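Asker: First the structure, which I've put down as structure tokens, then a few questions once you've had a look.
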Number of protein chains: 4
Amino acid sequence: MARVTQQHVDARRESILDAAARLFARKGVNSATMSDIAAEAGLSAGAIYRYFGSKDDLLRAVFDEAVERNERLFREESESAPSPLTALQNIGRRIWVEHDDRDSLICEVQMALSAARDPDDFGLDLSRNRQVIRELLKSMIEAAQASGEIDPYIDATALALILQAASGGIQTLKLEDGDSIDIQSAFDLMVQMVSGLRASSSAAHER
Amino acid sequence: MARVTQQHVDARRESILDAAARLFARKGVNSATMSDIAAEAGLSAGAIYRYFGSKDDLLRAVFDEAVERNERLFREESESAPSPLTALQNIGRRIWVEHDDRDSLICEVQMALSAARDPDDFGLDLSRNRQVIRELLKSMIEAAQASGEIDPYIDATALALILQAASGGIQTLKLEDGDSIDIQSAFDLMVQMVSGLRASSSAAHER
Amino acid sequence: MARVTQQHVDARRESILDAAARLFARKGVNSATMSDIAAEAGLSAGAIYRYFGSKDDLLRAVFDEAVERNERLFREESESAPSPLTALQNIGRRIWVEHDDRDSLICEVQMALSAARDPDDFGLDLSRNRQVIRELLKSMIEAAQASGEIDPYIDATALALILQAASGGIQTLKLEDGDSIDIQSAFDLMVQMVSGLRASSSAAHER
Amino acid sequence: MARVTQQHVDARRESILDAAARLFARKGVNSATMSDIAAEAGLSAGAIYRYFGSKDDLLRAVFDEAVERNERLFREESESAPSPLTALQNIGRRIWVEHDDRDSLICEVQMALSAARDPDDFGLDLSRNRQVIRELLKSMIEAAQASGEIDPYIDATALALILQAASGGIQTLKLEDGDSIDIQSAFDLMVQMVSGLRASSSAAHER
DNA sequence: TATGAATGAGTTTTCATTCAT
DNA sequence: TATGAATGAAAACTCATTCAT
């Protein structure tokens, strides 16, 4: 296998990362053994160590990739969308509705991680990442408020938190109860609820 | 030793259950060791086995209790509230805002469980439980629609799913990022968004 | 085993330390497995971890104890002996001739350690310890020179090095070829060689 | 490929043997991995197996070569030296003072081996080898006694043991504390101590 | 009943060895 | 011949569970 160059190595790395993300999300970080992951990737346990120094390294890599995907998602949509609200909707659609196996992991992995690990280890990074996302959401909401798409009297921070919570929750439910759920309808309704905030503006700032 | 009556036994059982729930939520099911739990309950590791046959039994008991609490929560509120929407709001408030350590576990434990276990074991029960909750929510929403508190053209199933997802997500965020979050504002906004569905009804059923 | 107090715990710790020292010396640090050590101590592998956090901890403990024994040996003899040379001889005798299994490990363990480990880990401590011993030997030799027991023209540093080398070497040989060796005669001759340095003084400082 | 002749194969074998000896001595037999050795020899791990059937084979080969070098050392010196004592001194000098990396391994390797391996495997050979060396030393000492260079009342066996022990010990110290040691002075003193045995003869056999 | 020492099965990790290229 | 990816058999370590006290 002397000729199996970088390309092959990269592909392997990817497939391990993929398998790990899948299993971390499915079984939890602790329950997913290196053997499980190796099997899922079509390898023996020991082989993984050629690509990742330890289970923790692998975990970190999965996490980093999830973070990166998330950022890319936000960046792409906010750059290409015609308006802030549209951007928000597109991001929401991609998280709620459209997704391959890999995309769905963006949030699950983080939740699985946080549920399964000592906060001292990863917790800070996870928490920081969630906060960053919340800030991004808040900025987009404020932009939408500035452009008149969302009621300016709404508490942007609170809305960002709700969107994050609902998205996270939906990911978990999709992952676990996948078949018995009609995501599309839920997403449409969510959009409607956010849009509805325009009409109810007077009620809002009088509370 | 005959004097160590049922009362004492029950108290011990309770405190173990309590400690277990706390630790399962805090560290994840796998990372919480029997010794951890015993220490948290003020016992030695071996003693737990007098009250629960195995860690799995304990896990199951914690789960069952969480389910039971959840049911009690719904029952109490729907019986005492003056209207369906108020009931929903009260339930929401108790889940989002008011809660002692124990209550906050209602959802976390479920998430922790689902994140940490092989779906073959617990998954079905968890999934079934979540479905039951969704049905309950749906019934309450439909009741609110019947009484004119919520726009009747709204998809009750979708709303139930959103409420469940958001509540679950909020629990996780509270558990992990607790300090940096303003739950009360988020809850108020959530209430407003659900209420807002009344005003936007015409838009909704024309989609 | 609730009543098995500190005394029992200490005894266990001792016996594990004992077994570990024996096996480290006999098979080398790497080849001596935790199971080996446990078996030698009459335990299962896992049990050791109740007393020592890791194999490295155990190694360190064995090392520390060896150092301590060594120091005690030097201290006792140099305090109680009637003269510096006698002290040196007594120390020598205890290292070369008299010794139970445990004492013989004083040096072997250090050699086994150094032979089997990455110098980055333990090497510095080992080296420092050996240097300390050499300094002690040198001081004793100089005292003997001051009191006229050893030729003052002898290079005390060089003699200390020789004594340390010979003692270390002897320990290894004893450990490995034990039965086929007549230690007593070798020790007597060594004493004679050191004593002989008195007579050859003139030759020495004329070189 | 037919051109890659015996010459090339032998050179490769030599360089692997060299690398292995160096690493066995430096890191210990267990800690030196086949990859380490291969890298040190400028090869890949798998390639070694073209020259040595297994790590154990390689170990054995290193050992055998060390033995052979040792024997050659003794043979050369005892043949070329003008007198038995001079031969002993020359051998000593080559072991204590002069040596390239490879020569210094003569003893270290044996010590590393013995420290790192189950006595059942190699131990016997090692022990036998050491005994052979001791016998050689003894013969040379006896020759020196016969020629009047060393006091005939000295116990030749005991002196051989001391020389072997001191040489072995020195090798270890040199390997590990190399820089902080003045070998030359120690060697000179050792020579002096052996020579001194001439003068102290009367004292010796009267003890 | 409670303790906590001990066991043993399971998990991560390492590395000699094999083998497709 | 040489490579280095992959395997698989240990070895370190963890922890649910048992049991003598």
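Asker: With the checklist (1) open to solvent by less than 40 Å² (accessible area, probe 1.4 Å); (2) in the same structural domain as C:Glu149 (by TED's automatic domain parsing); (3) not hydrophobic (A, V, I, L, M, F, W, C) in hand, flag the one item C:Arg60 doesn't pass.
Answerer: All conditions pass for C:Arg60, except number (1).
Asker: In the stretch B:176-197, which residues are of a type outside the set (Gly, Ala, Ser), buried (at least 18 other Cβ atoms within 10 Å of the Cβ) and at pLDDT below 80?
Answerer: Residues satisfying the conditions are B:Glu176, B:Asp177, B:Leu197.
Asker: Take the residues of the stretch C:137-159 that are acidic (Asp, Glu) and open to solvent by 60 Å² or more (accessible area, probe 1.4 Å): which is farthest from C:Asn70 (Cα to Cα)? Steps first, please.
Answerer: Initial filter on the stretch C:137-159 (acidic (Asp, Glu)): C:142, C:149, C:151, C:155.
Remaining after also requiring open to solvent by 60 Å² or more (accessible area, probe 1.4 Å): C:142, C:155.
Working: C:Glu142: 20, C:Asp155: 24 Å.
If we take residues in the stretch C:137-159 being acidic (Asp, Glu) and open to solvent by 60 Å² or more (accessible area, probe 1.4 Å), then C:Asp155 is farthest from C:Asn70 (Cα to Cα).
Asker: Determine whether B:Leu23 is farther than 23 Å from B:Asp177 by Cα, in contact with a helix residue (DSSP H, G or I) (Cβ under 7 Å, 6 or more places away or on another chain) and either more than 16 Å from DNA strand E (Cβ to nearest atom) or modelled with pLDDT of 90 or more (or both).
Answerer: no
Asker: Mind checking whether some residue in the stretch C:72-95 is more than 9 Å from DNA strand E (Cβ to nearest atom), within 14 Å of another protein chain (Cβ to nearest Cβ) and open to solvent by less than 30 Å² (accessible area, probe 1.4 Å)? Give the derivation first.
Answerer: Residues of the stretch C:72-95 that are more than 9 Å from DNA strand E (Cβ to nearest atom), as a first pass: C:72-95.
Still in the running and within 14 Å of another protein chain (Cβ to nearest Cβ): C:89, C:92, C:95.
Subsequent filtering for residues that are open to solvent by less than 30 Å² (accessible area, probe 1.4 Å) retains C:92, C:95.
The answer is yes, given that some residue of the stretch C:72-95 is more than 9 Å from DNA strand E (Cβ to nearest atom), within 14 Å of another protein chain (Cβ to nearest Cβ) and open to solvent by less than 30 Å² (accessible area, probe 1.4 Å).
Asker: Does any residue in the stretch D:156-171 that is not assigned by TED's automatic domain parsing to the domain that holds D:Ile141 come within less than 6 Å, Cβ to Cβ, of a residue that is modelled with pLDDT under 90 six or more places away or on a different chain, and which pairs are these?
Answerer: Once the first residue is not assigned by TED's automatic domain parsing to the domain that holds D:Ile141 and sits in the stretch D:156-171, no partner that is modelled with pLDDT under 90 comes close enough.
Asker: May I pose another question? Hey, does the stretch D:43-63 have a residue that's within 20 Å of D:Leu175 (Cα to Cα), more than 9 Å from DNA strand E (Cβ to nearest atom) and without any contact (Cβ under 8 Å) to a residue 40 or more places away in the chain?
Answerer: There is no residue in the stretch D:43-63 that is within 20 Å of D:Leu175 (Cα to Cα), more than 9 Å from DNA strand E (Cβ to nearest atom) and without any contact (Cβ under 8 Å) to a residue 40 or more places away in the chain.
The rows are residues; the columns are (1) on the phi > 0 side of the Ramachandran plot; (2) within 21 Å of the chain's Cα centre (by Cα); (3) away from every other protein chain (no Cβ under 13 Å).
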residue	(1), (2), (3)
C:Ala11	no, no, yes
C:Ala20	no, yes, yes
C:Ala25	no, yes, no
C:Ala32	no, yes, no
C:Ser35	no, no, yes
C:Glu40	no, no, yes
C:Ala45	no, no, yes
C:Asp56	no, yes, yes
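So that you can scan it fast, the table gives a plain yes or no per residue for (1) in contact with a helix residue (DSSP H, G or I) (Cβ under 6 Å, 6 or more places away or on another chain); (2) within 26 Å of D:Leu126 (Cα to Cα):
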{"residue": "D:His8", "(1), (2)": "no, no"}
{"residue": "D:Ser15", "(1), (2)": "no, yes"}
{"residue": "D:Gly28", "(1), (2)": "yes, yes"}
{"residue": "D:Ala38", "(1), (2)": "yes, yes"}
{"residue": "D:Tyr49", "(1), (2)": "no, yes"}
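Asker: Just to be sure, is B:Thr157 among the β-branched types (Val, Ile, Thr) and at pLDDT 90 or above? First the steps, then the outcome.
Answerer: Working: among the β-branched types (Val, Ile, Thr): yes; at pLDDT 90 or above: yes.
Yes, satisfied.
Yes/no per residue for (1) open to solvent by less than 20 Å² (accessible area, probe 1.4 Å); (2) in a loop (DSSP other than H, G, I, E, B); (3) closer than 16 Å to B:Ala66 by Cα:
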| position | (1), (2), (3) |
| --- | --- |
| B:Gln7 | no, no, no |
| B:Asp10 | no, no, no |
| B:Arg13 | no, no, yes |
| B:Ala19 | yes, no, yes |
| B:Leu23 | yes, no, yes |
| B:Val29 | yes, yes, yes |
| B:Asp36 | no, no, no |
| B:Ile48 | yes, no, no |
| B:Gly53 | no, yes, no |
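Asker: What do you reckon, is A:Ala66 in a helix (DSSP H, G or I), of a type in the set (Gly, Ala, Ser) and either outside the structural domain of A:Gly178 (by TED's automatic domain parsing) or open to solvent by 50 Å² or more (accessible area, probe 1.4 Å) (or both)?
Answerer: Numbers: in a helix (DSSP H, G or I): yes; of a type in the set (Gly, Ala, Ser): yes; either outside the structural domain of A:Gly178 (by TED's automatic domain parsing) or open to solvent by 50 Å² or more (accessible area, probe 1.4 Å) (or both): no.
No, not satisfied.
The values are calculated or read from the model by the stated rules, or taken from the named source; none is laboratory data. The structure presented is a predicted model; accordingly, all values stated were derived computationally and were not measured. No Cβ is skipped: glycine too gets one built from the backbone with ideal geometry, and neighbour counts run over all protein chains shown. Protein only, heavy atoms only, side chains kept; ligands, DNA and RNA dropped before computing areas. Shrake-Rupley method; radii C 1.70, N 1.55, O 1.52, S 1.80 Å.
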